[in-house]
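For reference, the structure is listed below as structure tokens.
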Number of protein chains: 2
Amino acid sequence: MTEPVILVGVDGGGTRCRARARQLDGTLIGECVTGTANLLAGVETALSNIVAAVTGALEAGGLGAADLNRCLVGMGLAGANIPELADRFLASSLPFRRTALEMDGWIACRGAHPGGNGAIAILGTGTAYVANIGGRFITIGGWGFHVGDQASGAWLGHQALRQSLLAFDGIIAATPLSDAILAHFDNKPDAMVAFGKTALPRDYGEFAPLVLDRADAGDPIATAIVDEAVGDIEASLRRLASLGADRISLFGGLAPRYAPRLSPAISAMIVPPASDALEGALQLAATLLPKEAFA
Amino acid sequence: MTEPVILVGVDGGGTRCRARARQLDGTLIGECVTGTANLLAGVETALSNIVAAVTGALEAGGLGAADLNRCLVGMGLAGANIPELADRFLASSLPFRRTALEMDGWIACRGAHPGGNGAIAILGTGTAYVANIGGRFITIGGWGFHVGDQASGAWLGHQALRQSLLAFDGIIAATPLSDAILAHFDNKPDAMVAFGKTALPRDYGEFAPLVLDRADAGDPIATAIVDEAVGDIEASLRRLASLGADRISLFGGLAPRYAPRLSPAISAMIVPPASDALEGALQLAATLLPKEAFA
């Protein structure tokens, strides 16, 4: 007798890979967390961490590597939007019965809105927006720090440094925010210039909580930066609403900071996510079942 | 009998070093152009190109290397605002009788306003502003692409790329500018993202003429970008005016593009530069004469 298939969801991001395995009836088998599965960090590394995470999830429920070929795996991976990487990944020797791959943001959107027609905003060191409109996914933003990521933590910090130099030069009035940022660099603009030459998005993002705190306290420079960021977030969400998204869930470390600042019209559309990204990945895995029935 | 001293002006920038030598009575001896003398490109390289330029200027007038020790040299060098580099340069074995060193922007300001109390705006791939207020130099901006250089060619191009991605995502309305920029990247945002990961300021600056041309034609995205840039330039110039600068000269490749866009109040202060940066460097060289008289 053929053993029944197992549904597995995989959420692969830049710092960790999570897997969750369930029986067909929904019974949890187990979960496991390993290292990065961002395809941009290397297809081989991602594959290795994914296989380890799925194996670990099986082992947590008393199964093991011998059961990998029973698994229908739905995965959302950072970097899966780059066709060349996705193709290389799917062409590698996957030990699973079947695999469905999409962007990490898509499984988060599936998990948040299992009924479809919902959108998510990912508001962290970077920013991106995904909507599921009747089963069709639309992604906007997510272009990264250099040419996009407005309203991200990196963007907030970067703007704060720029404005602080304008305050240093007397072009705009200094505020507690600009004073604090200049003090961080010992009031030496050259130190900030040197920082900027090598700073990664996460380095700029370190200043984001300070910017948001100062905006809460009414600091004019901080308020102007955060107001512009909120305007960018709302413009992106209005775009997704105009395409048919009728509810929105917020993700990412900055979500709790931005939520209270959204306009009533947008706030009225905000709902908590119905489930997490791994459940979205499991929904994706379940889309493989019809193929299985005719195999 | 001791041979009379020679006055030499040196203007050392990122792409070339120019030198001009004059007799004490102002008679031109000669000029010469060599390669970069930006201290950030290396103190040894700068020194080598400066000595070659000064020697060449002397040779153009029938003198030569044997006369270097008669030269009072005033030099404006890119990177001279960084104390560690300036100190290393001045501590190296200079073949001149005396040397005075300052930022390249300062000699440009001296040349533009020999009478003092004037300001200059340098509007090129980067932006910087210098004022001479009663012999005291004030520099604002010039912090570079990563944390400053608002309104620069690099800034214009960078903003245009960001806005074009917003148009691609349907967050703002597309315009001829955003269409042209997306077409440059074969309408593939990933190509723009890849460009942004390695683009230098001059790479972004390649798009500046297009942005300005489209603004002239009334393109809404281009107009918004250029209007913000003009606002930044005016804020900087108002700051220098408030400190006592009563006239302003514009330098850099973008000066002719911005000049017609300045407000009447700022435009009324614009004057052509009285002379070039090399004449400013010669003025700096002349400040060494009193020391010579007591040598």
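Side notes on the structure shown:
- Number of residues in region A:235-264 that are charged (D, E, K, R), within 18 Å of A:A119 (Cα to Cα) and buried (at least 20 other Cβ atoms within 10 Å of the Cβ): the value is 1.
- Hits in region A:167-224 - residues which are without any contact (Cβ under 8 Å) to a residue 24 or more places away in the chain, assigned to a loop (DSSP other than H, G, I, E, B), farther than 16 Å from A:G157 by Cβ and within 11 Å of another protein chain (Cβ to nearest Cβ): A:D169, A:G170, A:I171, A:K188
- Subset tally (residues that are touching a helix residue (DSSP H, G or I) at 6+ places or on another chain (Cβ under 7 Å) and more than 14 Å from chain A (Cβ to nearest Cβ)) for region B:231-251: 4
- Residue ID - nearest to A:G126 (Cα to Cα), chosen from residues in region B:193-223 that are among the aromatic types (F, W, Y) and touching a Gly at 6+ places or on another chain (Cβ under 7 Å): B:Y204
- Region A:32-46: number of residues that are without any contact (Cβ under 8 Å) to a residue 24 or more places away in the chain and of a type in the set (S, T, N, Q): 2
- Residue within region A:143-154 that is crowded, with 16+ Cβ neighbours inside 10 Å and among the acidic types (D, E) present: yes
- Scanning region B:146-188 for residues that are farther than 28 Å from A:V193 by Cβ and of a type in the set (S, T, Y) returns B:T175, B:S178.
- Subset tally (residues that are crowded, with 16+ Cβ neighbours inside 10 Å and not β-branched (V, I, T)) for region A:203-219: 9
- Whichever residue in region B:150-162 is part of a helix (DSSP H, G or I) and either touching a Leu at 6+ places or on another chain (Cβ under 8 Å) or without any contact (Cβ under 8 Å) to a residue 60 or more places away in the chain (or both) and, among such residues, is farthest from the other protein chains (Cβ to nearest Cβ): B:G153
- The requirement of being farther than 30 Å from A:V193 by Cα, touching a residue at least 40 places away in the same chain (Cβ under 8 Å) and either out of contact with any strand residue (DSSP E or B) (no Cβ under 6 Å at 6 or more places or on another chain) or not assigned by TED's automatic domain parsing to the domain that holds B:L237 (or both) is not satisfied by B:L94.
- In region A:133-144, the residues that are touching a residue at least 40 places away in the same chain (Cβ under 8 Å) and assigned to a strand (DSSP E or B): A:I133, A:I138, A:T139, A:I140, A:G141
- Within region B:3-23, if we keep just the residues that are in contact with a helix residue (DSSP H, G or I) (Cβ under 8 Å, 6 or more places away or on another chain) and assigned to a loop (DSSP other than H, G, I, E, B), the residue that is surrounded by the most Cβ atoms within 10 Å (Cβ to Cβ) turns out to be B:V5.
- Residues that are in contact with a Ser or Thr (Cβ under 8 Å, 6 or more places away or on another chain), modelled with pLDDT under 95 and more than 9 Å from chain A (Cβ to nearest Cβ) within region B:126-149 comprise B:G126, B:T127, B:A128, B:G142, B:D149, listed in sequence order.
- For B:E228, the conditions (1) within 28 Å of A:I172 (Cα to Cα); (2) modelled with pLDDT of 95 or more; (3) within 11 Å of chain A (Cβ to nearest Cβ) all hold with the exception of (3).
- Residue within region B:98-117 that is crowded, with 24+ Cβ neighbours inside 10 Å, modelled with pLDDT of 95 or more and within 14 Å of chain A (Cβ to nearest Cβ) present: no
- Every residue from region A:54-74 that is farther than 23 Å from A:K291 by Cβ and acidic (D, E): A:E59
- All positions within region A:48-67 that are under 23 Å from the mean Cα position of the chain (by Cα) and of a type outside the set (S, T, Y): A:N49, A:I50, A:V51, A:A52, A:A53, A:V54, A:A57
The values are calculated or read from the model by the stated rules, or taken from the named source; none is laboratory data. Just so you know, these numbers come straight off a predicted model, no measurement behind them. Cβ coordinates were reconstructed from backbone atoms using ideal geometry, including for glycine residues, and neighbour counts include every protein chain displayed.
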